[in-house]
Amino acid sequence: MVADPAMVTGLGLIMVGAGLAIGIAAAGSGMGQGMAAAAAAGGVAEKDYSFGKMLTMVALPETQAIYGFVIAILIIFVVAAGLGAF
């Protein structure tokens, strides 16, 4: 049985879109965490009692990567299921 070329192309584009969703979100999250961690290290060096607040600020950019991951999962399962791939 030969697969429909349009279906194979559509599924390939779905996977590329999901990869871009998580890749761009993770890259932005990584850059944000790097900047936040550098600022937090300087802040904790000056006032060591602010460690808890600084740790929270360093963790906030990670939500971007989580949102990208959720969108990638939605793209894969919702859009691909709409094509009848699963």
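No lab work stands behind these numbers, since they all come straight from the coordinates. Bear in mind the structure is a predicted one, so any value in this text is a computation, not a measurement. Here the Cβ is made from the backbone with ideal geometry for all residues, glycine too, and neighbour counts use every protein chain on show.
Restricting attention to the stretch 21-40 and to residues that are among the aliphatic types (A, V, I, L, M) and surrounded by 14 or more Cβ atoms within 10 Å (Cβ to Cβ), the residue that is farthest from the chain's Cα centre (by Cα) turns out to be Ala40. Of everything in the stretch 41-74 that is surrounded by 13 or more Cβ atoms within 10 Å (Cβ to Cβ) and polar (S, T, N, Q), the residue that is nearest to the chain's Cα centre (by Cα) is Gln64. Ile14 meets the stated requirement of being surrounded by 12 or more Cβ atoms within 10 Å (Cβ to Cβ), touching a residue at least 24 places away in the same chain (Cβ under 8 Å) and over 12 Å from the mean Cα position of the chain (by Cα). Just to be sure before I move on: is Ser29 assigned to a helix (DSSP H, G or I) and either at positive phi or in contact with a Pro (Cβ under 8 Å, 6 or more places away or on another chain) (or both) in the structure I sent? Spelling it out, Ser29 is indeed assigned to a helix (DSSP H, G or I) and either at positive phi or in contact with a Pro (Cβ under 8 Å, 6 or more places away or on another chain) (or both). Scan the stretch 1-31 for residues that are touching a helix residue (DSSP H, G or I) at 6+ places or on another chain (Cβ under 7 Å) and over 16 Å from Ile73 (Cβ atoms) and the total you get is 2.
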